[in-house]
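What follows is a set of notes on a single structure, which appears directly below.
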Amino acid sequence: MFKKTIIAAALSLIAITASAADPIRIGSVLSVSGPAAFLGDPELKTLQLYVEKINAEGGVLGRKLELVHYDDGSEASKANSFAKRLIESDKVDILIGGTTTGATMAIAPLVERASLPFISLAGAVVVIDPVKKWVFKTPHTDRMAAEKVFEDMKKRGISKVGLLSETSGFGASGRKETQAVAAKYGITLVADETYGPKDTDITAQLTRIKNTAGVQAVFVFGLGQGPAVVTKNYGQLGMTSVPMYQSHGVASDEYLKLSGKAADGVRLPTPSLLIANALPAGDAQKAIVTGYDKSYRDRFKVEPSTFGGYALDALNLSVDAIKRAGSTDREKVRAALESTKGFVGTTGVFNMSATDHMGLDLSAFRMVEVKNGDWQLVK
Amino acid sequence: MLAQFLQFLYSGMTVGSAYALAALGFTIIYNTSGVINFAQGEFIMLGGMLAALLSAGGVPLPLAIIAAVLVTGVVGLVMEKAVIEPAQNAQVVTLIIITIGASLTIRGLVQIAFGKGTHSLAAFSGDTPIQFLGASLLPQSLWVLGVTLAIVAALAWFFGRTLLGKAMLATSHNKLAAQLVGINTRRVLLLSFGLAALLGALGGILVAPITYTSYDAGIMLGLKGFVAAVLGGLGGGVGAIAGGLILGIAEAMTAGYISSSYKDAVPFVLILLILFFMPRGLFGAKVSERV
């Protein structure tokens, strides 16, 4: 009798733990290899780090999180088939990913059909405009970067700007958005030059801008080493009396390291993460960005990037929505995501609504100026 | 007006010398084996990356440069021994495809070993631009130009005056005849890869302070260097230098006077024109094929 009771108790215990341990499955499709790897790599690392952390603290709604991940190799077609696999055979509860805009747009129709909440990590406006019922995103848009820059220019009384953009997807989209919002801020683009992402000398384009009548500032829209070459050539041509603005594409310490002294005086819009330690103590984002900065550095021995921050925000938004929904019921989680208000992330403060599935405004960008090889917040 | 023209010219000359150095490497291997070595860009990248990483790690610049050049030279030798020599009797096209494979391998290994970041190398003699007739030039550009010219002179001496150089030249003209007079043609091929790798590394190091370097820096330099080599006729040093400078200056002038959007079309338009009207390149020898 006693034996039987023990066995029964043990069995029921197993049953209980089994149902309690039934994990919440978070699917992700990221570009961890291929050309977009510099975006996808920190995103995956962040997700892994924080899923572990959340589980160590007891999980969500008493259930553990389980990350099911696939690498699309920076190919949109693969992103599509992996998303299909996550929906159909892995049966995930929420989907995070689409490192690039291409991958995101390849996944979007699938989640719409399967009614699965999906948080994208891609930058372009098309992801959330027009609004899709099940698609959300965490990164700022390039349009916001252009607006932030123009806002600052207006404050300084600058109205005639030379635009120099990269021929990459990032630069081309940035150029389009810049041209679209310039008039709203009373800015005239008096020069419109481009350069290739692997160009090693951009003095010819800069000389043209320099010789354009009335240029009061130069706005560079690019990513990676190109903007550093531009900055260096700028100093070489002695153009530093004309203020230079860069986009958020260069918001990393690598840019400072590469362009050296020539970067002094350059202004750019950046997410708060870059200047985690320079934020005033009372800032709403201070805690989350310094916390992320520290955990990432402790674990991976490198500085965290904004891109990883996008992934962290996506994960935290999902967890927050699941908690508020009280279950993983898809419609309830979606509704909870859409009603997110005042959620403080590394990227900014999210206020979602039925018409805005990103929920960020211009305050998510901080205007910084490079001074003596370091970032300084512009007041 | 003059200042503007000079500025475009300097820009073109700086970029052009980098293309010229890449073109030289293509020419050397082509001359001894008839193979276009598509891993040449990777030699350039290796030189720049190794020098940048070593000097960032605290090694004095001259020592870092020597080490980077030597290591890359060894990589060139190993590549020839490991992948080209076993396929010796294969067709030239096969060998060319093998070099593409080798280039992907080298690029991949560097990416895994050193990461995907961009690295910079300190300029050899400072960053203060030199003003000349209203246009400005970086001292590093003079280094690139000067060393390129010195290399061409050294190569002319090597191929014209030394026994080894003459042996390499003989192999390029007629492999069988060279073998008959006792030249070890296998070793010549091995040496040509080593030499091309040395030159590539040197080029990569020279341009790194201007252009920065990363694991994928070799793709663009390799491609443009190939165009420059074809422009110059894949013959000798002078052709390679002229091809590189013409390409660089044409790009800069297009960006300056027409529009920067058309700049990247310049190499392709040039190569089409050359292939249509002067299939042997600007400086290619007039060879009559015997039937």
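The values are calculated or read from the model by the stated rules, or taken from the named source; none is laboratory data. Quick caveat: nothing in here was measured; it's all calculated off a predicted structure. For neighbour counting, all protein chains shown are included, and Cβ atoms are generated from backbone atoms with ideal geometry for every residue, glycine included. What goes into the accessible areas is simple: the full protein's heavy atoms, side chains included, and nothing from ligands, DNA or RNA. Shrake-Rupley method; radii C 1.70, N 1.55, O 1.52, S 1.80 Å.
Buried surface between chains B and A: roughly 2400 Å² of accessible area, summed over both sides, computed with a 1.4 Å probe on protein heavy atoms only. In this structure, B:N174 and B:A87 have a Cβ-Cβ separation that, at R0 = 25 Å, corresponds to a calculated FRET efficiency of about 0.70. Sorting the Cα pairs of segment A:207-350 by distance into bins of 5 Å, from 0 upward, gives 2, 9, 15, 15, 14, 13, 11, 8, 6, 4, 2, 1, 0 percent per bin.
Among A:G174, A:A191, A:A213, flag the residue with its Cα farthest along the positive direction of the charge dipole of chain A, charges on Cβ as +1 for Lys/Arg and -1 for Asp/Glu. Value computed over the given set: A:G174. Packing order of peptides A:50-56, A:72-78, B:224-230, highest average first: B:224-230, A:72-78, A:50-56 (average count of other Cβ atoms within 10 Å over each peptide's residues). By its C-alpha gyration tensor, with a ≥ b ≥ c as the square roots of the eigenvalues, how is segment B:43-164 shaped: rounded for a/c under 1.5, else prolate for a/b larger than b/c, else oblate? The shape class here is oblate.
Got a number for carbon plus sulfur as a percent of chain A's accessible area, 1.4 Å probe? Walk me through the numbers on the way to the answer.
Working: 8360 of 14890 Å².
Roughly 56 percent, rounded to a whole number.
Using a simple spin-label model with pseudo-atoms 7 Å out from Cα toward Cβ, B:I100 and B:F5 lie 4.3 nm apart.
What is the mean projected area of the alpha carbon convex hull for chain B, to one decimal in square nanometres? Walk me through the numbers on the way to the answer.
On the way: hull surface 66.1 nm².
Mean projected area for chain B: 16.5 nm², to one decimal.
Accessible surface for the protein assembly as shown, divided over its residues, is 42 Å² per residue with a 1.4 Å probe.
Take each residue of peptide A:191-199, count the partner chain Cβ atoms within 10 Å of its Cβ, and average: the result is 5.
Please give the calculated 222 nm ellipticity per residue for chain A, where each DSSP H segment of at least 4 residues contributes -39500 (n - 2.57) and the sum is spread over every residue; nearest 500 deg cm²/dmol?
On the way: 12 runs with 166 residues, N = 379.
So the calculated ellipticity at 222 nm is -14000 deg cm²/dmol.
Just so you know, the Rg over Rh for segment B:218-286 is 0.98, from Cα atoms, with Rh as the Kirkwood radius.
Inter-chain neighbour count for A:203-213: the average number of beta-carbon atoms from partner chains within 10 Å of each residue's beta-carbon is 6. Computed from Cα atoms alone, the Kirkwood hydrodynamic radius reported for segment B:15-106 is 14.0 Å.
Taking 1 over the mean of 1/r across every pair of different Cα atoms in chain A, what Kirkwood radius in Å do you get? Working shown, then result.
Details: mean 1/r = 0.0456 Å⁻¹.
About 21.9 Å, per the Kirkwood formula over Cα pairs.
For A:I94, the residues whose modelled amide H falls within less than 5 Å of its own, excluding neighbours fewer than 5 places apart on the same chain, are A:G27. Residue separation of B:V78 and B:A150 scaled by 0.36 nm, minus their Cα-Cα distance, works out to 23.2 nm of gained length. Less than 5 angstrom separates the built amide H of B:I130 from those of B:L137, B:L138, all sequence-distant by 5 or more or on a different chain.
Packing-wise, with mean Cβ within 10 Å as the measure, how do B:118-129, B:5-16 rank, highest first? Show your work: numbers first, answer last.
Numbers: B:118-129: 18.1, B:5-16: 24.0.
Those peptides, ordered most packed to least, come out B:5-16, B:118-129.
A loss of 50 Å² or more of accessible area (1.4 Å probe, protein heavy atoms, ligands and nucleic acids excluded) relative to the isolated chain is seen in these residues of segment B:199-213: B:T211, B:Y212.
With respect to chain B, whose longest principal axis is taken over its alpha-carbon atoms, helix B:2-33 is tilted by about 20°. Diffusion coefficient (Stokes-Einstein, Kirkwood radius over C-alpha pairs, 37 °C, 0.692 mPa s) for segment A:143-270: 232 µm²/s, rounded to a whole number.
Per DSSP helix of 4 or more residues, -39500 (n - 2.57); summed, then divided by the residues of chain B. What does that give at 222 nm, rounded to the nearest 500?
Working: 11 runs with 202 residues, N = 291.
After summing the helix terms and dividing by the residues of chain B, the value is -23500 deg cm²/dmol.
Scoring A:82-90, B:161-169 by mean Cβ neighbours within 10 Å over their residues and listing the highest first yields A:82-90, B:161-169. In chain A, taking the dipole from charged Cβ atoms about the Cα centre, the farthest positive-side position among A:S252, A:S165, A:A281 is held by A:A281. Of A:G97, A:G171, A:G58, the residue with the greatest mean-square motion in the GNM of chain A, using alpha carbon springs below 10 Å, is A:G58.
By Kyte-Doolittle mean hydropathy of at least 0.0 and Cα axial length of at least 27 Å, which whole DSSP H helices of chain A are selected?
On the way: long enough: A:2-21 (28 Å, 1.51); A:37-56 (28 Å, 0.05); A:306-325 (28 Å, 0.38).
TM-like helix candidates: A:2-21, A:37-56, A:306-325.
Distance between the modelled labels on B:Q111 and A:K91, one decimal in nanometres: 3.7 nm (7 Å Cα→Cβ projection). For the segment B:256-268, counting C-beta atoms of other chains within 10 Å of every residue's C-beta and taking the mean gives 4. Using a probe radius of 1.4 angstrom, the carbon and sulfur fraction of the accessible surface of segment B:158-291 is 68%.
For A:D361, the residues whose modelled amide H falls within less than 5 Å of its own, excluding neighbours fewer than 5 places apart on the same chain, are A:V349. Computed over the protein assembly as shown, the P(r) tail beyond 33 angstrom holds 54 percent of alpha carbon pairs. Between B:D127 and B:Y262, the FRET efficiency from the beta-carbon distance, with R0 = 51 Å, is close to 0.95.
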